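The values are calculated or read from the model by the stated rules, or taken from the named source; none is laboratory data. Only a predicted model underlies this, so the values are computations on that prediction, with no experimental measurement involved. Using ideal geometry, Cβ is built from the backbone for each residue, glycine included, and neighbour counts are taken over all protein chains shown. All accessible areas refer to the heavy atoms of the entire protein, side chains included, with ligands and DNA or RNA removed. Shrake-Rupley method; radii C 1.70, N 1.55, O 1.52, S 1.80 Å.
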Amino acid sequence: DVDKDNEFEADKELRYALAEASADGGGFIIDLALNTDVLMNPNLGEFVYSGAGPLTINGNGSAIIGTGENRILRIDGPASVIFNDLTLQNGYSSQDGGAVLMEGDLVLNHVVLQGNHADWDGGAIFTNGNIVCRFTWHKAF
């Protein structure tokens, strides 16, 4: 049984951390709890980061699991982003970038992209910047 009061607690915490990082302007590191699923609240839409500076999300083996109806994360502006040890799963966009839509550079270290799709470009990720990957640990399904 899922505890309905706490089902979206990790969603709320991540939204708060992204808002705080956006307000600080960037250079922010978000550490997710070890091996924890962040279930997106279907009523709140995609996560958004709007800071100008770089953002790092350390997943620590965690997954951000979308609803299948929204993109997982939109990065507004040219910020560079690093994802470490993270799964992005079940994101969807009727436009570009099912899991991530951004303009800046993206670094993926030990990242799993699973079950993401977009009707236009970038089934999992769409960026006008560069993507740097460590392929030895990447999985795409």
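So Ala118 clears everything in (1) buried (at least 17 other Cβ atoms within 10 Å of the Cβ); (2) within 19 Å of Leu18 (Cβ to Cβ); (3) in contact with a Gly (Cβ under 8 Å, 6 or more places away or on another chain) except one condition, right? Which one?
Ala118 satisfies every listed condition except (2).
Filtering the stretch 44-60 down to residues that are of a type outside the set (Val, Ile, Thr) and part of a strand (DSSP E or B), which residue is surrounded by the fewest Cβ atoms within 10 Å (Cβ to Cβ)? Working first, answer last.
Taking the stretch 44-60 and keeping what is of a type outside the set (Val, Ile, Thr), we get 44-47, 49-55, 58-60.
This time we only want the ones that are part of a strand (DSSP E or B), so: 47, 49, 55, 58-60.
Details: Phe47: 23, Tyr49: 22, Leu55: 24, Asn58: 16, Gly59: 25, Asn60: 14.
Among those residues, the one meeting the criterion is Asn60.
If you check Gly98 against the conditions, is it crowded, with 20+ Cβ neighbours inside 10 Å, assigned to a loop (DSSP other than H, G, I, E, B), out of contact with any helix residue (DSSP H, G or I) (no Cβ under 9 Å at 6 or more places or on another chain) and in contact (Cβ under 8 Å) with a residue 12 or more places away in the chain?
Spelling it out, Gly98 is indeed crowded, with 20+ Cβ neighbours inside 10 Å, assigned to a loop (DSSP other than H, G, I, E, B), out of contact with any helix residue (DSSP H, G or I) (no Cβ under 9 Å at 6 or more places or on another chain) and in contact (Cβ under 8 Å) with a residue 12 or more places away in the chain.
Looking at (1) more than 22 Å from Thr127 (Cβ to Cβ); (2) touching a Gly at 6+ places or on another chain (Cβ under 9 Å), can you tell me which one Asp85 breaks?
Unmet condition: (1).
With open to solvent by 10 Å² or more (accessible area, probe 1.4 Å), touching a residue at least 24 places away in the same chain (Cβ under 8 Å) and touching a helix residue (DSSP H, G or I) at 6+ places or on another chain (Cβ under 9 Å) as the only criterion, which of Asn84, Asn41 stands out?
Step by step, each of Asn84, Asn41 is checked, and only Asn41 is open to solvent by 10 Å² or more (accessible area, probe 1.4 Å), touching a residue at least 24 places away in the same chain (Cβ under 8 Å) and touching a helix residue (DSSP H, G or I) at 6+ places or on another chain (Cβ under 9 Å).
Only one of these is outside any loop (DSSP other than H, G, I, E, B), under 12 Å from the mean Cα position of the chain (by Cα) and either of a type in the set (Gly, Ala, Ser) or crowded, with 21+ Cβ neighbours inside 10 Å (or both): Ala63, Ala10. Name it.
Ala63
Return the residues of the stretch 71-81 that are open to solvent by less than 30 Å² (accessible area, probe 1.4 Å) and closer than 18 Å to Leu113 by Cβ; say none if nothing qualifies.
Within the stretch 71-81, Arg71, Ile72, Leu73, Ile75, Val81 qualify.
Scan (1) open to solvent by 30 Å² or more (accessible area, probe 1.4 Å); (2) part of a helix (DSSP H, G or I); (3) under 20 Å from Gln89 (Cβ atoms) for the single condition Leu18 breaks and write down its number.
With respect to (1) open to solvent by 30 Å² or more (accessible area, probe 1.4 Å); (2) part of a helix (DSSP H, G or I); (3) under 20 Å from Gln89 (Cβ atoms), Leu18 is out only on (1).
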